[in-house]
Amino acid sequence: MAFVSIEWLKRWCEVPAGLTAAQLAKDLVKVGLEEETIHTSGVTGPLVCGKVLRMEPETASNGKTVNYCRVDVGAEFNDAPGAGKEPSDVASRSIICGAHNFKEGDHVVVSLPGAVLPGDFRIATRKTYGHISDGMICSARELGLGEDHNGIIVLEEYLGERGMEVPPVGTDLLGMLGLNHELLEINITPDRGYCFSMRGVGREYSHSTGAAFTDWGLAENLKNPLAEANNSGFPVEITDDAPIRGNVGCDRFVTRMVRGFNPKAKTPEWMVTRLESAGMRSISLAVDVTNYVMLDLGQPMHAYDLDKVKGSIVVRRARDGEKHTTLDEVERSLYPEDLLVTDCKGGHAARVLGIAGVMGGAETEITAATTNVLLEAAHFDAVSVARAARRHKIPSESSRRFERGTDPQLPPVAAQYAAELLVEYGGGVIDEGITDVNHSAPMPSVTLGFDAASRLIGVEYSAERCEELLKAIGCQTCRDDSAKAFTVTPPSWRPDLVGAAHLVEEIARLDGFDQIPSLVPVGPAAIGLPAVLCTRREISDTLAEAGLTEVMTYPFLGDEHDRQGFPVDDPRRVTVRLANPLADDAPALRTSVLDTLLNTASRNVARGNQRVAIYELDQVALAHGVVPAAIPGVEHRPSDEEMQALRAGMPKQPWRVAAVLASNATEAYPGQPARAWDWADAIALAMRVATSQGLTVRSEAPNVKCGGNDGKATQSVAPFHPGRVAQIRVGAETGGKVLGYAGELHPQVCREFGLPERSCAFEIDLDAIEKARPKGAFQLRAVSTFPVAKEDFAFVVDTDVAALKVQNAIAKAAGDALESVHLFDSFTGEQLGQGKKSLAFALRLRAADHTLNPQDIREIRQRVIAKVQKTCRATLRA
């Protein structure tokens, strides 16, 4: 966040009279600077100029001496002679004051009943020390103007120091004391670092309102001409043996020297006020000047005691084992990546003066004895400063600006401006020696097509309008009509403008985001979600309709495979390890959705959830033995070969759906106890997932050790009970693809995760469903309006013949006239014979285009009987 003072803004822009913080916020938000809040002094009137007419010291019962005063507060507020709550012979008010730094005839600040001071301190008439106190004579601290609470404000002294005259008695002092000034706090996005200065905010205000803007950050606008660097300046050397991402840590370093400075000189009140408005306290003139220049121009600076800096300044990376005590008196261990400012005390570049762009050191700081000042203004690499500030946990106002990018052309201007302020208010002379080690590169150019803004924003922008707006933000443009493009060089204070899209954003921002019409895009006809996404959505809807709740879990794995009872050699234990896990106890990616879903079910049961039925659709990670490729840098677009290597190193990530069913499936009702989930529920839900996608599936006891979805044996049936688990297979016949497994969890797994006994689960391979599902559009049958015919069949078959096999034979024989078939009875008995059983099926028959007549029905019966007899070696039961 940054603070904007309207009074300070006037230095940079022509501000209309009566501008409020609320209006300023509306103006700035047009160009992307959002309001955070508006701060006020917290003081409301009446707050007036008063003159002390009489002053009578009185000793109270507690031994404290107070002054009983008669104060003239102006005709509007005075009590008439002989009137008021404590009458007097002169027009005035009675006020009790405990301060003693004033006398009769002094002008003071008086808050009258009804006024409110900071902290919601409300002024009211009250009786104290035997008198009526009808107001209060205020100190600077009570008004929020400073920390001085030793005495009240004497206006002759207070205003005189500021070059102002004492106003007439009764004058409203809110404006004169700056207590009616509002402060706007705005939010600065990471790419707009230049707005951490009044220079940047003033520029944006000018863009928004058209107000005249004077850039005091340019050399031609300095009070005195910018002096050129020479050989007599303080020696500076820049080295960098380990640049980060190929960028040297410092590409410009400017120094100026001020000699004969008065260390006792006070910071001018206007500067103190501006610093405090920005949330910074006044420290000393030298430090305040560097802070003020940073807030005003946007260039972080540092001031050294010149007499304590030895030899030359060397900017370098830290060495192993180095330590440094910063200004906060904390000794810090340095890292080889830290960028340092050093001098030559004890050897070449031996002593550390500060962590570059973050915080200076204690050995060379400005003290009350400093008479010679060395000013530093540099341009440090944003990444180096950001990493150092985070590594040492010392974010500063300086690092906040450097890590967002500062203007490499600003250091010489800032250094001269700071030196001039020091001399103006602290005496001394500016040394003629000037150092400017400048290795900064010119701003890279960007090619922008005439139609780029129109294509990306959807608003027509002419080439002339684009060029006008780009020049307004300081860009240099070269127009090429044959190529229908501009070559744009961004200004030095905008390091964020590195691509055509950034320039397009600036065009849209300055032209006004409100100029972009709010239109809902029209999607292309006949294009919807991809089939795979439709499959996942339909499966999710199917489980939700069945009463399950969808959850999302982190895919990170710890010791869950041990808790599920996986043997040591189980292939599912081969996991993908994370290079930088969020938690040390979960360093791998799961190979099954149940790995993490069981933990979620456990937490819900532990928190008293009486009906746990949860599911999750997500990916798992299966290692395939390929070593991941190295991550390419960000300096250029990865090549096709690099992208192919990256893809090859990625683990397989198939989609799965899993569910855990614990506690009760139904609630208890009068006369009906609650029913717990069982293995049949899990199998039914797993089959329902598959059938929702048009698949014909069957459940069967696994003839392999389950755990893998490829139908091959794995090492364990974990986490399922070995005798209460089924595999779900595609198709009505043997040999179909195994989609997954469903059943009851092993008792040891239930105990390990704190789940109720007989808890159940399933897991299905969604990718396998997608491959097996019927391709193309579903063929819908028209609903027949003709009557239905019902027929029942009872067949005697061998006991090892599955009912599903008989049902499939009936369906094939009945043909299109069959509407439904279901098994309604299964019977075994002595009258059927040894090894025989009776299966009874009910059929519903209906033709689409006519009423079935007796002949049609007889033909269907004959086909059904013949087919079942041939396929299943069955006989029709009489």
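The values are calculated or read from the model by the stated rules, or taken from the named source; none is laboratory data. What you see is a predicted model; the values in this text were computed from it and never measured. Here Cβ is always computed from backbone atoms with ideal geometry, including for glycine, and neighbour counts include all displayed protein chains.
Structural remarks
- For L112, the test of being touching a strand residue (DSSP E or B) at 6+ places or on another chain (Cβ under 9 Å) and under 28 Å from I283 (Cβ atoms) is failed.
- The residue list L53, L19, L24 contains one member that is outside the structural domain of G114 (by the TED database), among the aliphatic types (A, V, I, L, M) and touching a residue at least 40 places away in the same chain (Cβ under 8 Å), which is L24.
- Residues that are in a strand (DSSP E or B) and β-branched (V, I, T), drawn from the stretch 225-254: V236, I238, I244, V254
- Evaluating N221 against the criteria (1) closer than 19 Å to P408 by Cβ; (2) at pLDDT 90 or above; (3) not hydroxyl-bearing (S, T, Y) leaves one unmet condition, (2).
- Within the stretch 183-203, the presence of a residue that is assigned to a loop (DSSP other than H, G, I, E, B), over 30 Å from L410 (Cβ atoms) and not β-branched (V, I, T) is excluded.
- Residues located in the stretch 473-487, provided they are aliphatic (A, V, I, L, M) and either more than 27 Å from E403 (Cβ to Cβ) or modelled with pLDDT of 95 or more (or both): A483, A485
Residues are listed down the side, and each one gets a yes or a no for (1) part of a loop (DSSP other than H, G, I, E, B); (2) under 21 Å from V725 (Cβ atoms); (3) touching a helix residue (DSSP H, G or I) at 6+ places or on another chain (Cβ under 9 Å):
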site	(1), (2), (3)
T591	yes, yes, yes
E642	no, no, no
L646	no, no, no
M687	no, yes, no
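- Residue that is nearest to P555 (Cα to Cα) [pool: residues in the stretch 587-631 that are at pLDDT below 90 and within 30 Å of the chain's Cα centre (by Cα)]: P628
- Checklist (1) part of a loop (DSSP other than H, G, I, E, B); (2) touching a Ser or Thr at 6+ places or on another chain (Cβ under 8 Å) applied to G360, failing item: (1)
- Looking across the stretch 27-65 at every residue that is within 21 Å of N180 (Cα to Cα) and part of a loop (DSSP other than H, G, I, E, B), the one that is nearest to the chain's Cα centre (by Cα) is identified as T40.
- Members of the stretch 311-357 found to be part of a loop (DSSP other than H, G, I, E, B) and among the basic types (K, R), listed by number: R319, K345
- Across the stretch 593-613, the qualifying residues are those that are charged (D, E, K, R) and in a helix (DSSP H, G or I), and the one among them that is farthest from D767 (Cα to Cα) is R603.
- Any pair with Cβ under 9 angstrom, 6 or more apart, that starts in the stretch 805-834 at a residue that is under 23 Å from F786 (Cβ atoms) and in contact (Cβ under 8 Å) with a residue 40 or more places away in the chain and ends at one that is among the hydrophobic types (A, V, I, L, M, F, W, C) and assigned to a loop (DSSP other than H, G, I, E, B): A817/A847; A817/A848; A817/L852
- Looking only at the stretch 424-460, and only at residues there that are β-branched (V, I, T) and buried (at least 16 other Cβ atoms within 10 Å of the Cβ), the one that is nearest to R259 (Cα to Cα): I430
- Residue count for the stretch 99-141, restricted to those that are β-branched (V, I, T), within 54 Å of the chain's Cα centre (by Cα) and farther than 16 Å from V154 by Cα: 3
- All of G135, G114, G119 fail the test of being assigned by the TED database to the domain that holds C49, on the phi > 0 side of the Ramachandran plot and crowded, with 19+ Cβ neighbours inside 10 Å, apart from G135.
- Test: A847 is under 12 Å from E791 (Cβ atoms) and in contact (Cβ under 8 Å) with a residue 40 or more places away in the chain: no
- Some residue of the stretch 546-561 being in the same structural domain as C750 (by the TED database), of a type in the set (D, E, K, R), modelled with pLDDT under 90 and under 19 Å from C760 (Cβ atoms): yes
- Test: residue in the stretch 817-830 that is touching a strand residue (DSSP E or B) at 6+ places or on another chain (Cβ under 8 Å), assigned by the TED database to the domain that holds D595, under 30 Å from K737 (Cβ atoms) and not in a helix (DSSP H, G or I): no
- One residue alone among T600, T591 is surrounded by fewer than 19 Cβ atoms within 10 Å (Cβ to Cβ) and of a type in the set (S, T, Y), and that residue is T600.
- Screening T326, T255, T267, T290 for residues that are out of contact with any strand residue (DSSP E or B) (no Cβ under 7 Å at 6 or more places or on another chain) and surrounded by 19 or more Cβ atoms within 10 Å (Cβ to Cβ) leaves exactly one candidate, T267.
- Residue match in the stretch 180-188 (condition: modelled with pLDDT of 90 or more, closer than 28 Å to E36 by Cβ and among the charged types (D, E, K, R)): yes
- All of S88, S94 fail the test of being of a type in the set (S, T, Y) and either within 30 Å of V201 (Cα to Cα) or at pLDDT below 90 (or both), apart from S88.
- For V568, the conditions (1) closer than 19 Å to L685 by Cβ; (2) exposed (fewer than 15 other Cβ atoms within 10 Å of the Cβ) all hold with the exception of (1).
Conditions tested, residue by residue: (1) under 11 Å from V797 (Cα atoms); (2) surrounded by fewer than 15 Cβ atoms within 10 Å (Cβ to Cβ); (3) hydrophobic (A, V, I, L, M, F, W, C); (4) in contact with an Asp or Glu (Cβ under 7 Å, 6 or more places away or on another chain).
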{"site": "L818", "(1), (2), (3), (4)": "no, no, yes, no"}
{"site": "L823", "(1), (2), (3), (4)": "no, yes, yes, no"}
{"site": "T828", "(1), (2), (3), (4)": "yes, yes, no, no"}
{"site": "L839", "(1), (2), (3), (4)": "yes, no, yes, no"}
{"site": "A842", "(1), (2), (3), (4)": "no, yes, yes, yes"}
{"site": "H850", "(1), (2), (3), (4)": "no, yes, no, no"}
{"site": "A866", "(1), (2), (3), (4)": "no, yes, yes, no"}
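- Whichever residue in the stretch 220-231 is among the polar types (S, T, N, Q) and surrounded by 11 or more Cβ atoms within 10 Å (Cβ to Cβ) and, among such residues, is nearest to the chain's Cα centre (by Cα): N221
- H207 vs. criteria in contact with a Ser or Thr (Cβ under 9 Å, 6 or more places away or on another chain) and surrounded by 15 or more Cβ atoms within 10 Å (Cβ to Cβ): no
- Close Cβ contacts (under 6 Å, 6 or more residues apart or on different chains) running from residues in the stretch 75-89 that are more than 14 Å from G135 (Cβ to Cβ) and assigned to a loop (DSSP other than H, G, I, E, B) to residues that are among the acidic types (D, E) and at pLDDT below 90 comprise P81/D89.
- Some residue of the stretch 748-771 being more than 18 Å from A686 (Cα to Cα), assigned by the TED database to the domain that holds D678, aliphatic (A, V, I, L, M) and at pLDDT 90 or above: yes
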